[in-house]
Structure formats: C-alpha cells, structure tokens
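Bear in mind that the values in this text are calculations on the coordinates, not laboratory data. Predicted, not measured: the structure shown is a model, and the values here were computed from it. We place every Cβ from the backbone using ideal geometry, glycine too, and count neighbours over all the protein chains shown.
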Amino acid sequence: MTSTRTSGRTFPAGFLWGSATASYQIEGAVAEDGRGPSIWDTFSATPGKVLNGDTGAVADDHYHRVTEDVATMKALGLQAYRFSIAWPRIQPTGSGAVNQKGVDFYSRLVDQLIDAGIAPVATLYHWDLPQALEDAGGWPARDTAHRFADYAAEMARALGDRISLWTTLNEPWCSAYLGYASGVHAPGRTDAAASLAAVHHLNLGHGLAGSAIRAELGETTPVSITLNLHVMYPEDPTSEADLDQVRRADAVANRAFLNPLLDGYYPDDLLADTAHLTDWSFVQDGDTDAIRIPIDLLGVNYYATQKVRRYAGDGPRQQADGHKASAGSPWVGADDLEFVEVPGPYTAMGWNIDPQGLVDLLGSLHASYPDQPLVITENGAAFADEVSADGRVHDADRVAYLHDHIDAVGQALEAGVDVRGYFVWSLLDNFEWAWGYDRRFGIVRVDYDTLERTWKDSAYWYRELLRTGSVPPVEIAPTLG
Ligand code: FCB
C-alpha cells in the first residue's frame, strides 16, 4: 500500500536550488590533456582499497559529455551547479605552471553553465590531491596549504568573476581523518598524529586560499567552505559518561573545524584529548588569524545521524559509523567512543534516515553563529535502484528522502535559521569513493556500460519543485518501514 504525503511547503523567492558533483567522481579522462595523477588514482589502483577494484578512470565520462550534462541541468531547471575542480588538471604536480588545457575544460564548463542560466559554484578541493604533493608529505605537511593557496589564486585569475561562489574545501573531516587516520580514503595512511596536522593544514589552506582569491578578485568575492558536521546523540542522555563521549567526538569532528574557521581558536578540550598524540606545535603564530577569514556562506553536507556511548570494554566495540571497516579509527583522541545502532530505515550506505537531525543541526549552528548564512551543499541518498520494465527508475525511496529533508530545511527556515539554498547530492550516479560504483546517489542514472543517462523519478520530482518553488507531494514507498 502506498500513501501520499506532502508538506506543501513553499520556499522563499531567491532560495537557491542546485545539484552537486565532484571531479574525481564523474569526470574520468584521468590521463588526458596533461592531467597529473591524484591520490585517488593511486589509491583506487591499489588492490583491496575500493570495492570491486573500481577506479575513476572512466567514471561518468563527464569530461567528454559536459555539453550533454549541462543540457540535463538546464532541463531540470537547476539554478546553481556545484562542481569541483581537479587540482591535478590545473597543476599536474601540484605546483608551478598552469596546464592550460585543464583550465580550458573548466572555463568551457563555466561558460556553458552561464549560457544555460545556471550559477557556477566551484569547489577547489574535493579530495583529489596531486600525488606529487602527497609524496612530499600531503596535508600533514604545512607546505601543502601554501601550494593550495597558489592554486586557488591561479583559478581565481582563470575563472574570475564568472564564479558565483568559491568553496575552498569539501569536507576536510574526510580528507584528514579518513585519509590519514582510518585510511579508508586516499592516501590511506593510518597515523592519528598526522591526521591532526592535516586538520590544521586544511584549515590553514582554506584561510590562505580564500584570502588569495579575494586578493585577485576583490574583498567582496563570495567564499565558502563545506563541512560534514556530525550530529551525534548520547545513547543515554542522563549518562555523564555518554555525554563526555559526545563532547569528545564533537571536539574532534566538528569543533576542530568550526572553532578555528569561525572563532579563531582550537578548543582546549580537543588539545587536551589529543595531547598524547601531538603537542599541536604545527599551529604557528598568526595561523588562527589566517584561518578565520569572513565566509559568505557555510556549506553544510548532511546525510544521517549517529548515536554514541562510552565503550564498556567488554566484547567487540561497535563501529557502526557508516564507514568501511578500517585499520585505524577516524575518531582520534576519542578512544572509548562506541557507536550504537540507530533505528532505521536505512539507505544503501547503511546510513539511517533522520531528517530531524538536519533540523537539529541547522538549529544548533544558528544558535552558535546567528549571523552566519548557511547553505546545504549536499544531501541525498543511495538506494539499490532498478530499471523497471517501462525503462524508468522508480526511486520512490529517494523521492521520500528528498521530500523529508527538504521539508526539514523548510522547518529550519521557519524557525528563523538563515539557510540560503539546497544542493542535492548528486546530479549523476558516480564513483562513490571506497564503495566504487556500487552505491548510486544520482537523481539521474548512469548506465556504466553505455554511459547513457536516464532521469529517475527523483529527477522529475526535483524538476517540479524547482518549477513551482514548493515541495511536491510524494508517494510513500512501501519498502520504507
Ligand atoms: C560526501 C562527499 C561526496 C559523496 C557523498 C555521498 O561525504 O562529499 O563526495 O561521496 O558523501
């Protein structure tokens, strides 16, 4: 039995609707037009790192299908498109002279977007670090932050005022902790101390890059950063021990970024919790000022929530935090942290579906930073889509997920939170990092044999939302418990 639900909510005029992708996940053409290797090329070519041995070598072949993909965006009615620039296309070894063919690719993309009436939102770093920079130390090395700022300045010169919003980094939590502590993402290191140095150099890279862009294009140039803030609840809200684990996890996952970025300091409890790993002497005089540049928008990526408690020390510790099993923990300094299974329903990632978590997150950000405008830069869901006999993809679960999370954004707006836009993740099915092509997040399906694109029901639904500005009704899928 299906039933219909509708919030009927209408969004304010000027609220920006878009969709997001990332370079390594969609482009392919990894050895074309002078692109250098990135850490994801190396990592995905290493046996056992990515499910089914998948790599981004072809991905969605977006590099050769830009025109078709921009036409899809236009037909959807997107007002903005959030894409990322592959640093190794611009500087194949991460520094020095610019590879003009790489610049030309993004320049053409941006021109096509503008012709289609779509605002280009450019992320400078969505995880594809030039391999040469990793070989020189990667994000744990301070020099990488300076190289990043140089690259940002080159892009500002190349694309200039055609970019509506610059985003320095996507989810530095993943770059630092999944890349250098748990090792489930490239470059696959498992060194907790190095991951904390990476945190700082990513933060520093953000500040230096943002300042470099504004030095090129003017102080009023819109700059943002996108974080994946973790929404964590204690298993027992009356337990001091559980609450202390929430505090630790919040320090290492959220405040390690929010405090330097928006307040100009690293929190004392984070320094204390990690003192056995590092003395944080990589934070030099002036760094926190360099990091805390004004940001026009804080990008929020939201998927799910987590419930935690203190590990009691008997039996295997649960690590149900939605990431692949790993040698190291990304929860650096939170050694007694345990994840408790959260109630379903779940997506194909095993992530729980909890739109209230988004209401809570936006509310708490607004409470801490009332003057900081926010934007949802990613939200969406993977499901095991099937092509039906009619040739369509009836992804009712995804439509319901989008409906409920967009409604959550509406609730936050109504409560006075300053949210300026929403970008669905993702425009296309794509290379989902350690899960390869096995997890599909697109509102448009990609057939990985033919590379043909097919609109899923969620794409039609989203088009209707964009056309009318109000949330269309949704048939509740019987599969969602
Ligand atoms: C986010 C990433 C994005 C995508 C989604 C599912 O962490 O930014 O590239 O993989 O998760």
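Taking the alpha-carbon centroid of each part, what is the distance from region 2-76 to region 108-162 in angstrom?
Centre-to-centre (Cα) distance: 16 Å.
Given axes a ≥ b ≥ c from the Cα gyration tensor, I'd like to know whether region 322-481 is rounded (a/c under 1.5), prolate (a/b larger than b/c) or oblate. If you can, show how the numbers build up before the last one.
Values: a/c = 1.85, a/b = 1.15, b/c = 1.61.
In terms of gyration-tensor shape, oblate.
Lys pairs in region 16-479, Cα-Cα under 29 Å, at least 8 apart or on separate chains: how many?
Final tally of qualifying lysine pairs is 6.
Quick check on the chain: of the DSSP beta bridges with both residues there, what percent are antiparallel, nearest 5%? Can you show the working numbers first?
Working: 13 of 48 bridges.
The antiparallel fraction comes to roughly 25 percent.
Is the shape of region 264-312 rounded, prolate or oblate, going by the alpha carbon gyration tensor and its root eigenvalues a ≥ b ≥ c, with a/c under 1.5 for rounded and a/b larger than b/c for prolate?
oblate
Treating only the Cβ atoms of Lys and Arg (+1) and Asp and Glu (-1) as charged, compute the dipole magnitude of region 16-479 about its Cα centre; round to the nearest 20 debye. Walk me through the numbers on the way to the answer.
Details: 33 positive and 66 negative charges, 166 e Å.
Charge dipole, region 16-479, about its Cα centre: 800 debye, nearest 20.
Given the options THR72, ILE443, THR468, identify the residue whose Cα lies farthest towards the positive end of the charge dipole of region 16-479 (+1 on Cβ of Lys, Arg; -1 on Cβ of Asp, Glu).
The one lying farthest along the dipole's positive direction is THR72.
So what is the 222 nm mean residue ellipticity for the chain from helices alone, if each DSSP H run of at least 4 adds -39500 (n - 2.57) and you divide by all residues, rounding to the nearest 500 deg cm²/dmol?
-10000 deg cm²/dmol
Cα centroids of region 338-411 and region 173-251: how far apart, whole angstrom?
Taking the Cα centre of each part, region 338-411 and region 173-251 sit 21 Å apart.
Sorting check: for 418-426, 385-393, 158-166, which peptide has the highest mean count of neighbouring beta carbons within 10 Å, and how do the rest follow?
Averaged packing, sorted descending, gives the order 418-426, 158-166, 385-393.
For the chain, calculate the relative contact order in percent as a whole number, restricting contacts to Cα pairs under 8 Å that are 6 or more residues apart.
Taking the mean separation of contacting Cα pairs over the length of the chain, I get 19 percent.
If a/c stays under 1.5 just call it rounded; otherwise compare a/b with b/c (prolate if a/b is bigger, oblate if not). Do that for the chain, with a ≥ b ≥ c from the square roots of the Cα gyration tensor eigenvalues.
rounded
Where Lys and Arg each count +1 and Asp and Glu each count -1, what net charge lies around TRP280 among other residues with Cβ under 12 Å from its Cβ?
Taking every Cβ under 12 Å from that of TRP280, the sum is -4.
Under the Karplus relation 6.51 cos²θ - 1.76 cosθ + 1.60, θ = phi - 60°, what is the ordered set of whole-Hz ³J(HN,Hα) values for region 70-79, x standing for Gly and Pro?
5, 4, 4, 4, 5, 5, 6, x, 4, 8
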